[in-house]
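*Asks:* Dropping a structure here in C-alpha cells format, bear with me for questions.
Read-outs: derived from the displayed coordinates by stated rules, not from any lab. Every value quoted in this text rests on a predicted model; they were computed, and no experiment measured them. Neighbour counts are summed over all protein chains in view; Cβ atoms, including those assigned to glycine, are modelled from backbone coordinates with ideal geometry.
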Amino acid sequence: MTASQFSRISKAISDGKRYRMLERIAAGDEINCTDVRRGLRITPATCSHHIKELADAGLVEVRREGKFGYLRLRKRVWQQFLAQLAKVR
C-alpha cells in the first residue's frame, strides 16, 4: 500500500458518519445506498458524497444498477490498511 493510499483511507474514515457507513458496508456481502444511510440523518446527496470519498480511497466498490447503487467492501484493501496501521508503534 502506498503512503498516498494509506493517507486517503485514513482521511476517509476519520469522519464518524463515513466510518459508520463503512461498518454497515463491511457487515454484509453487498448493501444498497438507502440501507447504508438509514438512521444517520443525512440526505441522499450527503450519502453520495461520503460514498464517493470511500470509493476514491479504494475502500468500497460501487455497482450501479439503473439509478441504484450497491456497495461492497474491498476486503483486500482494508486488510492492507490494517496491516500498515499495525506497523505504527
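*Asks:* Restricting to DSSP loop positions (anything but H, G, I, E, B) with no more than 12 other Cβ atoms inside 10 Å of their own Cβ, which GluC sites (Glu not before Pro) remain in segment 11-89?
*Replies:* For GluC sites (Glu not before Pro) across segment 11-89 that sit outside H, G, I, E and B with at most 12 neighbouring Cβ atoms in 10 Å, the list reads Glu30.
*Asks:* Something else now. Which whole-Hz couplings ³J(HN,Hα) result when phi for each residue of segment 2-11 is put into the Karplus expression 6.51 cos²θ - 1.76 cosθ + 1.60, θ = phi - 60°, listed in order with x for Gly and Pro?
*Replies:* Per-residue couplings from phi come out as 6, 4, 5, 5, 4, 5, 4, 5, 4, 5 Hz.
*Asks:* Assuming R0 = 35 Å, can you tell me the calculated FRET efficiency for the pair Thr43 and Ala83, based on Cβ-Cβ distance, to the nearest 0.05?
*Replies:* Working from the Cβ atoms, E equals 0.50.
*Asks:* Here is a follow-up. Checking the cross-link filter: which aspartates and glutamates have an alpha carbon closer than 13 Å to that of Lys11, excluding same-chain neighbours under 8 positions apart?
*Replies:* Reachable aspartates and glutamates: Glu53, Asp56.
*Asks:* Could you give me the ³J(HN,Hα) list for segment 49-58, computed from phi with Karplus coefficients 6.51, -1.76, 1.60 and θ = phi - 60°, whole Hz, x at Gly and Pro?
*Replies:* Along segment 49-58, the couplings run 4, 5, 5, 4, 4, 5, 5, 4, 6, x Hz.
*Asks:* Using +1 at the Cβ of each Lys and Arg and -1 at the Cβ of each Asp and Glu in the chain, identify which of Ser4, Val60, Cys47 lies farthest towards the dipole's positive end.
*Replies:* Ser4
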